[in-house]
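Student: Structure provided below as structure tokens; questions to follow.
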Amino acid sequence: MAGIRIERLITSGTFSLDGGTWEVENNVWIVGDDDEAVVIDAAHDADAIERALGGRTLRAIVCTHAHNDHIDAAPQLADRTGAPILLHADDLPLWNQTHPDRQPDGELIDGQGLTAAGTELTVLHTPGHTPGAVCLYAPALAALFSGDTLFAGGPGATGRSYSDFPTIIDSIGKRLLALPGDTTVHTGHGETTTIGAEAPHLQEWIDRGF
């Protein structure tokens, strides 16, 4: 669509859960035009995200899930811009580990439509990596923003608290593999991929019952 674009900002910080801490790099996705945008996963660096916005109106800060490395800069960015923080309610226990004194401003619900510069992003609830994990699908852009549900090379990690491997495979099989194969997958970490590139080995897991 004319004017709308997808921008990636890579930020660095730490991920902490279950008593461990790891250095990570995160993808912050900015979807919008010259006037307005939404931010998907405000990770680590509110200053860098604000600079990347370049004075555009921020309509929403969308959290694909509530691991600290995806939400740590969200309150600061919200306070600076006035944009609401949106999160699926099933991830509130994880959110409260990082921001016990600041709640999200709105709830993400499966099937909900969000608008970025006149383009609709549909919320897909895809639990497994976390209970409230979501992806955002923009058919007009042939784009999926997958958070940590799907990466280039396979599903997101499920070895820590609040995660479950059969659940994430079920989510991917029912919600993501149904999308067109040429859909570009913009991931929470690392490089992009496509639904078509990931489908064959994901289908093998589904067919053999995980």
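Where a number appears in this text, it was derived from the coordinates with a stated rule and is not lab data. Please read all numbers here as calculations on a predicted model, not as lab measurements. Neighbour counts are summed over all protein chains in view; Cβ atoms, including those assigned to glycine, are modelled from backbone coordinates with ideal geometry.
Student: Looking at region 81-107, I want the residues that are surrounded by fewer than 19 Cβ atoms within 10 Å (Cβ to Cβ) and have a partner that is outside any strand (DSSP E or B) and among the β-branched types (Val, Ile, Thr) with Cβ atoms under 9 Å, at least 6 apart or on another chain. Which pairs are those?
Tutor: ALA89/ILE109; THR98/ILE71; HIS99/ILE71
Student: Separate question: Tell me, please, whether a residue that is surrounded by fewer than 22 Cβ atoms within 10 Å (Cβ to Cβ), part of a strand (DSSP E or B) and in contact (Cβ under 8 Å) with a residue 60 or more places away in the chain can be found in region 45-58.
Tutor: No, region 45-58 has no match at all.
Student: Here is a list: PRO100, PRO131, PRO104, PRO127. Which entry is under 18 Å from LEU179 (Cβ atoms), in a loop (DSSP other than H, G, I, E, B) and of a type outside the set (Ser, Thr, Tyr)?
Tutor: Details: PRO100 fails: under 18 Å from LEU179 (Cβ atoms); PRO131 fails: under 18 Å from LEU179 (Cβ atoms); PRO104 fails: under 18 Å from LEU179 (Cβ atoms).
Only one candidate qualifies: PRO127.
Student: Quick one: how many residues across region 1-44 are buried (at least 22 other Cβ atoms within 10 Å of the Cβ) and either in contact with a Pro (Cβ under 8 Å, 6 or more places away or on another chain) or aromatic (Phe, Trp, Tyr) (or both)?
Tutor: So the count comes out to 1.
Student: Right, next: Since SER163 meets every condition but one in (1) of a type outside the set (Asp, Glu); (2) surrounded by fewer than 24 Cβ atoms within 10 Å (Cβ to Cβ); (3) part of a strand (DSSP E or B), which condition does it not meet?
Tutor: Failing condition for SER163: (3).
Student: Now for a different question. Suppose the filter is assigned to a strand (DSSP E or B) and either farther than 17 Å from PRO84 by Cβ or among the small types (Gly, Ala, Ser) (or both); does ILE10 pass it?
Tutor: Criteria met by ILE10.
Student: Would you mention how many residues in region 131-160 are among the aliphatic types (A, V, I, L, M) and crowded, with 24+ Cβ neighbours inside 10 Å?
Tutor: If we filter region 131-160 for residues that are among the aliphatic types (A, V, I, L, M), which is where we start, we get 133-134, 136, 138, 140-144, 150, 152, 157.
Narrowing the set further to residues that are crowded, with 24+ Cβ neighbours inside 10 Å leaves 133-134, 136, 144, 150.
Final tally of qualifying residues: 5.
Student: What pairs can you find where one residue is in region 132-152 and without any contact (Cβ under 8 Å) to a residue 60 or more places away in the chain and closer than 21 Å to ILE109 by Cβ, the other is of a type in the set (Ser, Thr, Tyr) and not in a strand (DSSP E or B), and their Cβ atoms are less than 7 Å apart, with a gap of 6+ or different chains?
Tutor: The qualifying pairs are LEU144/THR183.
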